[in-house]
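Encoded as structure tokens, the structure appears first; notes follow it.
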Amino acid sequence: MSSDRAGGPPAPRSEGLFERAQRSLVGGVDSPVRAFRSVGGAPRFLVRGKGAYIWDADRRKYVDYCMSWGALLFGHADPAIVRAVRDAAGRGTSFGAATEAEVRLAEEVKKRFRSIDLLRFVSSGTEATMSAVRVARGFTGRDKIVVFGGAYHGHADALLVKAGSGVAAAELSASAGVPQSAVRDTLVAEYNDVDSVEDIFRTHPNEIAAVLVEPVAANMGLVPPERGFLSDLRRITRDFDSLLVFDEVVTGFRVAPGGAQEKYGVTPDLTCLGKILGHGLPVGAYGGRREIMERVAPLGPVYQAGTLSGNPLAMAAGLATMRGLRPDLFRRLEEGSARVAAGLRDAASEAAVDFQVPRVGSMLGLFFRPDPVRNFGDARASDVRDYRTFFWSLLTRGVYLPPAPFETLFLSSTHEGNEIERTIEAASAAFAEVRNS
Ligand code: HOZ
């Protein structure tokens with residue numbers, strides 16, 4: 001099935017803003033996937049969000065499944081988060097000096113992530129993964145790292161190899177401007193394929209500093225780890241005196257309070273966090289075993305610093321988020337997300353559309369193909385034109401999906417009965433459009 005449909009109903013204000021934006025901002029946006037290139041048409045310029053809903057410049061209202069790419073566990077403009085950020089802003093927006101809020105948030109993170117003895121706050125997920133790789137290299141004295149095809153760990157040079165997310169959507173296998181020397185030590189294995197990891201280790205024993213993995217792959221669409229995959233990575237890295245680094249920027253505080261490592265019972269050496277940690281404010285963190293993190297300056301020789309690291313507004317948002325992580329939250333997220341997945345599956349099957357909807361907690365993947373997706377190759381073999389048709393058909397009916405096929409849908413605690421029903425109803429019509437396209 002295929003379609004070239006792009007655009008939905010007229011959106012004069014968004015279209016006008018997009019035209020104007022392109023005269024000042026690269027591609028009209030500040031992050032490539034926001035430009036809607038892989039779904040076509042003009043991006044919707046957003047003016048407001050509340051709970052599960054967003055409003056665009058043309059006053060249209062949507063149920064949002066992008067949720068700032070997973071950052072908003074409690075939905076848009078959550079009152080407790082807004083209050084905390086406002087209060088903090090009134091006391092000063094940045095000091096570039098130590099504050100108690102950093103200590104308190106670090107303690108809250110450690111309570112949930114038992115693998116973390118020491119951590120460092122940074123300002124983004126990219127900074128967290130980039131720094132974790134540096135620490136792993138500094139600690140082990142080795143240069144090589146293993147990543148997985150279709151993973152996305154931010155845009156640090158060494159990690160832009162066969163990456164997912166916007167890199168995959170743009171059909172790039174690498175980024176221009178990254179010198180060969182920066183990626184020479186980045187080895188790429190296949191997600192959910194332990195043999196591919198073992199092969200790399202056998203070829204390079206004593207050379208690999210770390211395996212860096214999204215424990216639930218969320219940037220090639222959503223691809224859950226198969227049973228035993230993460231524990232096999234733990235075993236292999238131990239056998240070869242290498243470190244296991246979990247990039248939990250997306251999964252941290254989402255699939256369980258203590259992230260994927262809690263859910264799957266596998267303990268990494270280092271963990272990267274972001275997104276929900278700041279509930280939409282720019283923040284990231286990396287941390288892990290004491291002896292490893294003691295290599296970071298000022299305790300050790302691995303240098304990493306930042307004026308906005310531990311920013312008071314971000315710390316305040318993080319602390320308010322931690323207070324909201326109550327046990328019933330995860331049960332409600334699970335129930336709501338299961339309903340959405342089942343509703344989509346039924347609607348696709350009724351429309352006789354080949355469709356897969358893998359789910360881990362409140363994260364969902366949408367793939368237009370008949371078979372389950374285990375890795376990047378499978379993900380890329382799904383029909384991206386069907387995704388485009390589906391995307392616009394839903395947008396027209398008031399449901400906003402991530403505007404690119406290799407991304408994940410996120411629910412928040414504010415996605416309740418009404419939003420879910422509205423989504424499933426819209427999806428039934430959208431699947432019919434996909435079938436007829
Ligand atoms: N890389 C993010 C999605 N996996 C997109 C970031 C953005 O455009 O905001």
> What number goes with the only condition from (1) free of Cβ contacts under 8 Å to residues at least 24 places away in the same chain; (2) more than 16 Å from the ligand (Cβ to nearest atom); (3) open to solvent by 60 Å² or more (accessible area, probe 1.4 Å) that Gly96 does not pass?
Replying inline: (1)
> Residues of region 228-243 being in contact with a Phe, Trp or Tyr (Cβ under 9 Å, 6 or more places away or on another chain) and of a type outside the set (Val, Ile, Thr), which ones?
Replying inline: Phe229, Leu230, Ser231, Asp239, Phe240, Ser242, Leu243
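Quick check on this structure: which one of Ala21, Ala71, Ala11 is open to solvent by less than 20 Å² (accessible area, probe 1.4 Å), within 16 Å of the ligand (Cβ to nearest atom) and without any contact (Cβ under 8 Å) to a residue 60 or more places away in the chain?
Details: Ala71 fails: without any contact (Cβ under 8 Å) to a residue 60 or more places away in the chain; Ala11 fails: within 16 Å of the ligand (Cβ to nearest atom).
Result of the check over Ala21, Ala71, Ala11: Ala21.
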>> For Leu119, only one of the following conditions fails: (1) open to solvent by 30 Å² or more (accessible area, probe 1.4 Å); (2) out of contact with any Gly (no Cβ under 6 Å at 6 or more places or on another chain). What is its number?
In response: (2)
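Considering only residues that are open to solvent by less than 30 Å² (accessible area, probe 1.4 Å) and either within 16 Å of Ile208 (Cβ to Cβ) or touching a His at 6+ places or on another chain (Cβ under 8 Å) (or both), which ones fall in region 127-141? Break it down into steps so the answer makes sense when it comes.
First, the residues of region 127-141 that are open to solvent by less than 30 Å² (accessible area, probe 1.4 Å): 128-129, 131-133, 135-136.
Passing the criteria: Thr129, Ala132, Val133, Val135, Ala136.
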>> Restricting to region 88-147, name every residue that is among the aromatic types (Phe, Trp, Tyr), in contact with a strand residue (DSSP E or B) (Cβ under 9 Å, 6 or more places away or on another chain) and farther than 18 Å from Arg254 by Cβ.
In response: Phe121, Phe139
> Just checking, how many residues over region 353-381 are on the phi > 0 side of the Ramachandran plot and polar (S, T, N, Q)?
Replying inline: 0
>> Based on this model, can you work out whether Val26 counts as surrounded by fewer than 17 Cβ atoms within 10 Å (Cβ to Cβ), within 15 Å of the ligand (Cβ to nearest atom) and over 24 Å from Leu313 (Cβ atoms)?
In response: yes
>> Please count how many residues of region 32-61 are within 16 Å of the ligand (Cβ to nearest atom), of a type outside the set (Phe, Trp, Tyr) and open to solvent by 40 Å² or more (accessible area, probe 1.4 Å).
In response: 4
>> Checking Arg83 against (1) away from the ligand (no atom under 16 Å from the Cβ); (2) within 21 Å of the chain's Cα centre (by Cα); (3) not hydrophobic (A, V, I, L, M, F, W, C), only one condition comes out false. Which one?
In response: (2)
> Looking at Asp328, is it open to solvent by 10 Å² or more (accessible area, probe 1.4 Å), closer than 30 Å to Glu425 by Cβ and in a loop (DSSP other than H, G, I, E, B)?
Replying inline: no
> Checking Asp199 against (1) acidic (Asp, Glu); (2) open to solvent by 20 Å² or more (accessible area, probe 1.4 Å); (3) within 27 Å of Glu407 (Cα to Cα), which test does it fail?
Replying inline: (3)
>> Pairs needed: first member in region 216-241, more than 16 Å from the ligand (Cβ to nearest atom); second member anywhere, open to solvent by 20 Å² or more (accessible area, probe 1.4 Å) and not acidic (Asp, Glu); C-beta distance under 6 Å; at least 6 residues apart or different chains.
In response: Pro224/Pro358; Leu230/Tyr264; Asp232/Val194
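Touching a helix residue (DSSP H, G or I) at 6+ places or on another chain (Cβ under 6 Å) and under 28 Å from Arg34 (Cα atoms): is that true of Glu190 in this structure? Give the steps one after another, and end with the answer.
Numbers: touching a helix residue (DSSP H, G or I) at 6+ places or on another chain (Cβ under 6 Å): yes; under 28 Å from Arg34 (Cα atoms): yes.
Answer is yes for this residue.
Does Gly51 satisfy being in contact with a strand residue (DSSP E or B) (Cβ under 7 Å, 6 or more places away or on another chain), over 30 Å from Ala351 (Cα atoms) and in contact (Cβ under 8 Å) with a residue 60 or more places away in the chain? Full working, then the answer.
Details: in contact with a strand residue (DSSP E or B) (Cβ under 7 Å, 6 or more places away or on another chain): yes; over 30 Å from Ala351 (Cα atoms): yes; in contact (Cβ under 8 Å) with a residue 60 or more places away in the chain: yes.
Criteria met by Gly51.
Out of curiosity, is Val147 buried (at least 20 other Cβ atoms within 10 Å of the Cβ) and under 16 Å from Thr126 (Cα atoms)?
Numbers: buried (at least 20 other Cβ atoms within 10 Å of the Cβ): yes; under 16 Å from Thr126 (Cα atoms): yes.
Criteria met by Val147.
The values are calculated or read from the model by the stated rules, or taken from the named source; none is laboratory data. Note that the structure is a prediction, hence the values are computed from the model and not measured. Here the Cβ is made from the backbone with ideal geometry for all residues, glycine too, and neighbour counts use every protein chain on show. Accessible surface areas use protein heavy atoms only, side chains included; no ligands, DNA or RNA. Shrake-Rupley method; radii C 1.70, N 1.55, O 1.52, S 1.80 Å.
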